[in-house]
Amino acid sequence: MHNKDNVTQDGITAYGTLIWIDNFGPLNELYGVSGQWVSRRSDFSNWRQVDYGSTSGNYRITYPTINAFTYYGAGYGSFVGLILYLDMQCNTGYGTDVRCEY
């Protein structure tokens, strides 16, 4: 299954994709996450944060150094749970956050 979303704020658009396996019952598996931030603005901040995992307690927080990322479950632990999530955010040059959650 794929969940895709995007949000635009202060001239920056955040695109995110959550890829997961819909198992029968509550043990869905997070397969991977990917996303990017797109802007033509020159004051795009260097601060980016991506959180992903399951609400059952297994998650990762990363700080990409470029405007695109892809993470797959292998090597990152087992992300299994009823609710899986991706939360990505960055700062604009005006000090406000651009946040895309699901």
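Values in this text are rule-based calculations from the coordinates and carry no lab data. Quick caveat, the model's predicted, so the values are computed rather than measured. All Cβ positions, even for glycine, are placed from backbone atoms using ideal geometry, and neighbour counts span all protein chains on display.
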- Those residues of segment 20-69 that are more than 15 Å from CYS90 (Cα to Cα), among the aliphatic types (A, V, I, L, M) and surrounded by 19 or more Cβ atoms within 10 Å (Cβ to Cβ) come to a total of 2
- Query: Quick one: how many residues across segment 10-63 are among the aliphatic types (A, V, I, L, M) and over 22 Å from VAL80 (Cα atoms)?
  - Reply: 3
- Task: Read through the list (1) part of a strand (DSSP E or B); (2) over 11 Å from the mean Cα position of the chain (by Cα); (3) without any contact (Cβ under 8 Å) to a residue 24 or more places away in the chain, then give the number of the only condition that GLU29 fails.
- Result: (3)
